[in-house]
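Student: One structure is given below, represented as structure tokens, and several questions about it will come after.
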Amino acid sequence: MRHNILLITADDMAGSTPGCTGNPSEVTPAIDRLAGQGMLFGRAHVPVAVCQPSRSAMMTGRWPHLSGAEGFEPVSDGVPLLTDVLREAGYRCGILGKVEHLQPVSRFGWDLARSRDELGVGRDPASYAAEAERFIAGAAGQGRPWFLMANAHDPHRPFHGSDDEQRMFGSEQLARIPPPSRVFTPDEVTVPGFLPDLPDVRREIAEYQSSARRCDDVVAALLHVLARSGQEERTLVVFLSDNGMAFPFAKANCYLQSSLTPLVVRWPGVTAPGGHDRRHFVSGLDLLPTFCDAAGVPCPDEVNGRTLLPLLRGQSEGGRDHVVTVFHETAAKGRYEMRAVQTAERGYIWNYWSDGRRAYQAENMTGRSWAAMVDAAARDQGVAARNEFYLHRAPEELYDLTIDPAGLDNLADSPAQQLDLTMMRTLLLQHLRSVHDPLTDAFLAHLDDPAAAREVESL
């Protein structure tokens, strides 16, 4: 049987936001219920922590430099797309929201495409439900299986109740955006460890969580439509976010909180209720081959991901003891090349762009939090040092994720950590070579200490 596929994405939702991942704030009841019916992956990462290249990786199964979509560019001609494969198998393909973030739009050949302005600025659960219901009914009327990519625009900035929301959306747009089913207050939230606990940071986290709740409202509406359609038992449902939250040290970087995504999969007949894979590292690159399995079609050649089917069946699988992530450019076309490796214990980042002079600038520095951090730096040397590091970084970063998951203490220069540093460098070099990363030679040049280079090469 060829399964229908419902892929639901959040825009800028941190991997730690849903309650099923441990957040006590009860932000996402619908996502939590879905996780209870299927499998939650505790070590799921997107390969690149910014919107368009992350989504392009999902739809091609390729690293950004191999698909052509390193930033906000189109997928290269000749690269097979998920919609190509599914359409050839008779699938009806639709997309709700974020249509322009898969380029060129014409190449994806959508049977149905609805922009954010047709969906309450991408924030109206009722509009998503109505369009999904029509799409599913249309496929049923044609006797065709279907693939629907439903992309909520929450919790992308501007957040619910923020000053930016009033400034960026006109009165007509605001009238079409319903409030979340729950609005959070600053005293209800926990500030993540990678940010200072300042009043305006706490306030913005509350606004973010309110927007995340409205994303959950979209998830609830879509799942209700699916249940009512009578096709729930033959539909694979996947939920994840395209990248981490749009705050400093998160989105558009290579930290743990940049790429960790709340991946939930419910596959009738495959996943057992309440499954939780806490061991294996998986990637957004793995979605395309998984969807090919659900559709019963061959996976395109030269795909970098691997199907999740064995893990979904509760099996163990080798080669999933670490994950590699990359970053190329921001939405404003700022190139900040980064490469990273994460294991269960260590996080390593190579910042090719960091030269001590060039300063980082990205959309995650808009809003209240970065401004509050800049203001606090005049009074707090710790915040000042943290800000300075964010702007300029270091060529290498190494973190002990067992005690420092927030990445506060860079151990790259610690004499006691040199063996771990060499091991992480080796993992990265092996990856760069295996995928013909254009920065492979630059990384070798970075290891300009002949002894260090020989040690890496020998492992």
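The values are calculated or read from the model by the stated rules, or taken from the named source; none is laboratory data. Everything numeric here is computed off the predicted structure, so don't read it as measured data. Positions of Cβ are backbone-derived with ideal geometry, glycine not excepted, and every protein chain shown enters the neighbour counts.
Student: Can you tell which of 84, 111 is touching a Lys or Arg at 6+ places or on another chain (Cβ under 6 Å) and either within 23 Å of residue 256 (Cα to Cα) or modelled with pLDDT of 95 or more (or both)?
Tutor: The conditions single out 111.
Student: Given the condition closer than 19 Å to residue 122 by Cβ and either out of contact with any His (no Cβ under 6 Å at 6 or more places or on another chain) or outside the structural domain of residue 403 (by TED's automatic domain parsing) (or both), answer yes or no: does some residue in segment 184-206 qualify?
Tutor: Within segment 184-206 (the criterion being closer than 19 Å to residue 122 by Cβ and either out of contact with any His (no Cβ under 6 Å at 6 or more places or on another chain) or outside the structural domain of residue 403 (by TED's automatic domain parsing) (or both)), the answer is no, since none of the residues qualifies.
Student: Out of all the residues in segment 345-394, which are basic (Lys, Arg) and touching an Asp or Glu at 6+ places or on another chain (Cβ under 7 Å)?
Tutor: Within segment 345-394, 346, 368 meet the criteria.
Student: Give the residue, chosen from 388, 396, that is of a type outside the set (A, V, I, L, M), touching a helix residue (DSSP H, G or I) at 6+ places or on another chain (Cβ under 9 Å) and in contact (Cβ under 8 Å) with a residue 24 or more places away in the chain.
Tutor: One residue alone meets the criteria, 396.
Student: Pairs please, first residue from segment 201-216 and under 22 Å from residue 377 (Cβ atoms), second anywhere and at pLDDT 95 or above and small (Gly, Ala, Ser), Cβ atoms under 7 Å, 6+ apart in sequence or on different chains.
Tutor: The qualifying pairs are 201/369; 201/372; 204/369.
Student: Output the residues belonging to segment 181-228 that are part of a loop (DSSP other than H, G, I, E, B) and more than 27 Å from residue 389 (Cα to Cα).
Tutor: Hits for segment 181-228 are 181, 182, 183, 184, 185.
Student: If I filter segment 366-379 for residues that are at positive phi, touching a strand residue (DSSP E or B) at 6+ places or on another chain (Cβ under 8 Å) and surrounded by 18 or more Cβ atoms within 10 Å (Cβ to Cβ), do I get at least one hit?
Tutor: For segment 366-379, residues at positive phi, touching a strand residue (DSSP E or B) at 6+ places or on another chain (Cβ under 8 Å) and surrounded by 18 or more Cβ atoms within 10 Å (Cβ to Cβ): absent.
Student: Does residue 397 fit the bill of being part of a helix (DSSP H, G or I) and modelled with pLDDT of 95 or more?
Tutor: No: the conditions fail for residue 397.
Student: From the list 419, 432, 427, 411, exactly one residue is of a type outside the set (Phe, Trp, Tyr), buried (at least 18 other Cβ atoms within 10 Å of the Cβ), outside the structural domain of residue 47 (by TED's automatic domain parsing) and farther than 20 Å from residue 320 by Cα. Which is it?
Tutor: Selected residue: 411, the only one of 419, 432, 427, 411 that is of a type outside the set (Phe, Trp, Tyr), buried (at least 18 other Cβ atoms within 10 Å of the Cβ), outside the structural domain of residue 47 (by TED's automatic domain parsing) and farther than 20 Å from residue 320 by Cα.
Student: Restricting to segment 355-385, give me the number of residues that are of a type in the set (A, V, I, L, M), outside any helix (DSSP H, G or I) and touching a residue at least 60 places away in the same chain (Cβ under 8 Å).
Tutor: 1
Student: Taking the conditions exactly as written (out of contact with any Gly (no Cβ under 6 Å at 6 or more places or on another chain), within 25 Å of residue 43 (Cα to Cα) and touching a residue at least 60 places away in the same chain (Cβ under 8 Å)), does residue 405 satisfy them or not?
Tutor: Answer is yes for this residue.
Student: Is there a residue being closer than 20 Å to residue 217 by Cβ, modelled with pLDDT of 95 or more and acidic (Asp, Glu) anywhere in segment 119-131?
Tutor: Looking for residues that are closer than 20 Å to residue 217 by Cβ, modelled with pLDDT of 95 or more and acidic (Asp, Glu), one finds at least one in segment 119-131, hence yes.
Student: Taking residue 176 as the residue in question, decide whether it is surrounded by fewer than 24 Cβ atoms within 10 Å (Cβ to Cβ) and of a type in the set (Lys, Arg).
Tutor: Considered against the rule, which asks whether it is surrounded by fewer than 24 Cβ atoms within 10 Å (Cβ to Cβ) and of a type in the set (Lys, Arg), residue 176 comes out as yes.
Student: Report yes if residue 148 is within 30 Å of residue 296 (Cβ to Cβ), at pLDDT 95 or above and surrounded by 22 or more Cβ atoms within 10 Å (Cβ to Cβ), otherwise no.
Tutor: When the stated conditions are applied, residue 148 passes them.
Student: In segment 119-129, which residues are assigned to a loop (DSSP other than H, G, I, E, B) and touching an Asp or Glu at 6+ places or on another chain (Cβ under 6 Å)?
Tutor: 123
So that you can scan it fast, the table gives a plain yes or no per residue for (1) of a type outside the set (Asp, Glu); (2) over 17 Å from the mean Cα position of the chain (by Cα); (3) assigned by TED's automatic domain parsing to the domain that holds residue 72:
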site	(1), (2), (3)
10	yes, no, yes
15	yes, no, yes
23	yes, yes, yes
27	yes, yes, yes
32	no, yes, yes
38	yes, yes, yes
45	yes, no, yes
50	yes, no, yes
